[in-house]
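Quick notes on the structure that follows.
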Amino acid sequence: MRSTALNLRQLECFLAVTDAGSIALAATELHTSESAVSAAVSGLEKALGVQLLVRRRAQGVTPTASGRLLRQRARVLLDDAVELEIAVSGGASSDGTPAPLVGSVTIGCAEEMAPVILPPIIERLATEQPGVTPLVEIGLEESFWPRLLSGEIDLAVTLDHRQPTELEAIRLKPLPLNVVLPAEHPLARLERITPAELADEDWIMLSTEPGATHSFSMFNAAGVTPKVRLRTPSHELARSLVGRGLGYTLHIHRPFGDVSQEGRALAVRPLVTSAPVEWATLAWSAETRPSPWARAVIGAATRAWPGDAGATSAAGAAGGAGAAGTTGAASAAGDAR
């Protein structure tokens, strides 16, 4: 059997440094001294015979090509070590329920979807694995994709058709578009509204993604050029402007409440379109197995959305997934149950 000079503490210190961007911040995170972290990383470089970090005074550290490769593999090794420790120490309950976990998992989510998709998942996670802390980051979908592949974040809530093929995902919830109108608007008398019926109306456009791109693609599919009156990233500002009769706005989920924050009456009607309904999905890198903490979130998500959740893959969402991608997604969700 081949021996190795590596140890888990060295890998832990190395990951902490690359995540934090500096030895000083990593030492604070690990509750140890800077010299101890620096010695661990130097020992790792000596054992491997390669430079892992480029150190620049007052500018932090940057992983080399070898460092980036090790970062991805080391995270898997440490996750496996945690699982091994749980299994050997008898952490699993006799009734087959998941072993208690302690740790954090980073979840990226677009602002528009976060209030709808995440609360049921986080509530379920708090019940099933109270020791797992979700760290939520709000941002653009596209910004999360490279961070998933690099291991910087664990999971991300995205729309299914936009994901790169390097990601696995499970579907969580369909997100049909809804029209928000002033309550007295003539279109509010209709049960449903088509894009053509909005062609001559002023659009108070939500500029946040992924809703903006989805809305434009819907209009394009219907052959309609919308009249954009103004753009805003604020849902509540858009609703207040609608309440004052300045136009309509679109939501990728049905907002609760029929009044604006100013107390003006609103009407919400489903938008009928030939474009496919978008799905919110929970995605992770297909190149590495999700960590125990990430799998706990995946399992919680499948149970938080029991009527909607299902296995998929980015390749399938893009049109033509193989069975392997779907199986991988289902397996990760199943492991978390």
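The amide H of Asp202, built 1.01 Å from its N in the peptide plane, has Tyr248 as neighbours under 5 Å, considering only residues 5 or more places off or on other chains.
What fraction, in whole percent, of alpha-carbon pairs in the range 131-183 exceed 13 Å separation? The answer is 67 percent, as a whole percent.
Between Thr64 and Ala114, the contour length at 0.36 nm per residue exceeds the Cα-Cα span by 14.6 nm. The peptide list 118-124, 282-288, 154-160, put in order of mean Cβ contacts within 10 Å with the highest first, becomes 154-160, 282-288, 118-124. Each of Thr18, Thr194, Thr225 was scored by other Cβ atoms within 10 Å of its Cβ. Arranged with the fewest first, they read Thr225, Thr194, Thr18. Using 0.36 nm per residue and subtracting the Cα-Cα separation, the extra length available between Leu77 and Val102 on full extension is 7.3 nm.
In terms of overall dimensions, the C-alpha atoms belonging to the range 212-312 reach 50, 34, 24 Å along their principal axes, ordered largest to smallest. The peptide list 23-29, 127-133, put in order of mean Cβ contacts within 10 Å with the highest first, becomes 23-29, 127-133. Near Thr133, the amide H atoms lying under 5 Å from its own belong to Gly103, Ser104, Val105; only residues 5 or more places off or on other chains count, and H is placed 1.01 Å from N.
Calculated from the alpha-carbon coordinates, the range 177-270 shows an Rg and a Dmax of 11.9, 35 Å respectively. Relative to the globular-protein estimate of 2.2 N^0.38 Å, the Cα radius of gyration of the range 8-84 stands at 1.02. The range 201-274 and the range 103-170 have Cα centres lying 25 Å from one another.
Quick note: the coordinates plus some simple rules give every number you see, no bench work behind them. Just so it is clear, the model here is predicted, and its values are computed rather than measured. Ideal geometry is used to build each Cβ from the backbone, glycine not excepted, and the neighbour counts take in all protein chains shown.
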